[in-house]
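*Asks:* Take this structure first; my questions come after.
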Amino acid sequence: MPRRPWHCYRHFGTPPYTRKEYIRSIPPVQIPKFDLGNQKGSFEYTLKLIALENGQISSNALEAARQIANKYLEKRAGTQNFHLRIVTYPHHIIRENKMMAMAGADRLQDGMRLSFGTPIGRAARIHRFSEIILVRVNKQHLEHAKEALQRASSKLSLSTRIFIEKTINTTA
């Protein structure tokens, strides 16, 4: 598999490239599930992973963060004791102008002439103080949820913080 230079796409300054009717080959979204755990349970605490800066997160990084947080929470708390949701969706399609790196490549390629690029992946555009991942748990699993979000944030390219909110129960 070729090396994907996602570090080049961390910051954005151009409009999002999302019009699927104009794009020939659209890369698929690599996140199979956005909601994990007990979706209908009532929980005491909501933990949010918040971005502290603007940037883009690739769908590969979102999937890695989802897998590591889900695996940790399933192992420590059990599948019925948490609800994990990936809040952001990778709408933006990332393009790359492929360049050849071999002898005689200057005679075979056009360089920056017609350098629009071909789609290579997707990314979620994140603005400052927006939610990336949301976890709902009860008090006994609060520390496990913090650790799961900390591990998930290590997979993301943006600096993040974890905010904890006590859920207000309106049915009581």
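The values are calculated or read from the model by the stated rules, or taken from the named source; none is laboratory data. Please read all numbers here as calculations on a predicted model, not as lab measurements. Glycine also receives a Cβ, built like all others from the backbone with ideal geometry; neighbour counts cover every protein chain displayed.
*Asks:* Just for the stretch 11-68: of the residues that are of a type in the set (Val, Ile, Thr) and out of contact with any strand residue (DSSP E or B) (no Cβ under 7 Å at 6 or more places or on another chain), which one is surrounded by the most Cβ atoms within 10 Å (Cβ to Cβ)? Don't jump to the end; show me each part of the working.
*Replies:* Residues of the stretch 11-68 of a type in the set (Val, Ile, Thr): 14, 18, 23, 26, 29, 31, 46, 50, 57, 68.
From what is left, the residues that are out of contact with any strand residue (DSSP E or B) (no Cβ under 7 Å at 6 or more places or on another chain) are 14, 68.
On the way: Thr14: 6, Ile68: 16.
Per the stated criteria, the residue is Ile68.
*Asks:* All but one of (1) modelled with pLDDT under 95; (2) part of a strand (DSSP E or B) hold for Leu134, so report the exception by its number.
*Replies:* With respect to (1) modelled with pLDDT under 95; (2) part of a strand (DSSP E or B), Leu134 is out only on (1).
*Asks:* Which of the residues belonging to the stretch 137-160 are aliphatic (A, V, I, L, M), within 14 Å of the chain's Cα centre (by Cα) and modelled with pLDDT of 95 or more? Steps first, please.
*Replies:* Of all residues in the stretch 137-160, those aliphatic (A, V, I, L, M) come to 137, 142, 145, 148-149, 152, 156, 158.
After this cut, where a residue has to be within 14 Å of the chain's Cα centre (by Cα) as well, the list is 149, 152, 156, 158.
Scanning the stretch 137-160 gives Leu149, Ala152.
*Asks:* Just one of (1) over 15 Å from Ala69 (Cβ atoms); (2) within 12 Å of the chain's Cα centre (by Cα) trips up Phe163, so point out which.
*Replies:* Unmet for Phe163, out of (1) over 15 Å from Ala69 (Cβ atoms); (2) within 12 Å of the chain's Cα centre (by Cα): (2).
*Asks:* Against the definition (hydrophobic (A, V, I, L, M, F, W, C) and at pLDDT 95 or above), how does Leu62 come out, yes or no? Reasoning before the result, please.
*Replies:* Working: hydrophobic (A, V, I, L, M, F, W, C): yes; at pLDDT 95 or above: yes.
Yes.
*Asks:* If only one of Lys75, Lys98, Lys71 is over 20 Å from the mean Cα position of the chain (by Cα) and in a helix (DSSP H, G or I), which one is it?
*Replies:* One residue alone meets the criteria, Lys75.
*Asks:* Right, something else. Would you say Arg122 is modelled with pLDDT of 90 or more and touching an Asp or Glu at 6+ places or on another chain (Cβ under 7 Å)? Walk me through how you get there before you give the answer.
*Replies:* Numbers: modelled with pLDDT of 90 or more: yes; touching an Asp or Glu at 6+ places or on another chain (Cβ under 7 Å): no.
Considered against the rule, which asks whether it is modelled with pLDDT of 90 or more and touching an Asp or Glu at 6+ places or on another chain (Cβ under 7 Å), Arg122 comes out as no.
*Asks:* Okay, moving on. Which residue out of Ser25, Ser58 is under 12 Å from the mean Cα position of the chain (by Cα) and small (Gly, Ala, Ser)? Even if it seems obvious, please write down each step before you answer.
*Replies:* On the way: Ser25 fails: under 12 Å from the mean Cα position of the chain (by Cα).
From the options Ser25, Ser58, the qualifying one is Ser58.
*Asks:* For the stretch 121-150, give me each residue that is among the basic types (Lys, Arg), surrounded by fewer than 17 Cβ atoms within 10 Å (Cβ to Cβ) and under 30 Å from Thr18 (Cα atoms).
*Replies:* Restricting attention to the stretch 121-150, the residues satisfying the condition of being among the basic types (Lys, Arg) are 122, 125, 128, 136, 139, 146.
Next, from what is left, pick out any that are surrounded by fewer than 17 Cβ atoms within 10 Å (Cβ to Cβ): 128, 139, 146.
Within the stretch 121-150, just Arg128 meets the criteria.
*Asks:* When residues of the stretch 141-170 are filtered for being without any contact (Cβ under 8 Å) to a residue 24 or more places away in the chain and either within 18 Å of Gln80 (Cβ to Cβ) or in a helix (DSSP H, G or I) (or both), how many remain?
*Replies:* Residues flagged as without any contact (Cβ under 8 Å) to a residue 24 or more places away in the chain and either within 18 Å of Gln80 (Cβ to Cβ) or in a helix (DSSP H, G or I) (or both) within the stretch 141-170 amount to 2.
*Asks:* Would you be able to say whether some residue in the stretch 75-83 is at pLDDT 95 or above, within 30 Å of Ile168 (Cα to Cα) and in contact with a strand residue (DSSP E or B) (Cβ under 6 Å, 6 or more places away or on another chain)?
*Replies:* Checking the stretch 75-83: at least one residue is at pLDDT 95 or above, within 30 Å of Ile168 (Cα to Cα) and in contact with a strand residue (DSSP E or B) (Cβ under 6 Å, 6 or more places away or on another chain).
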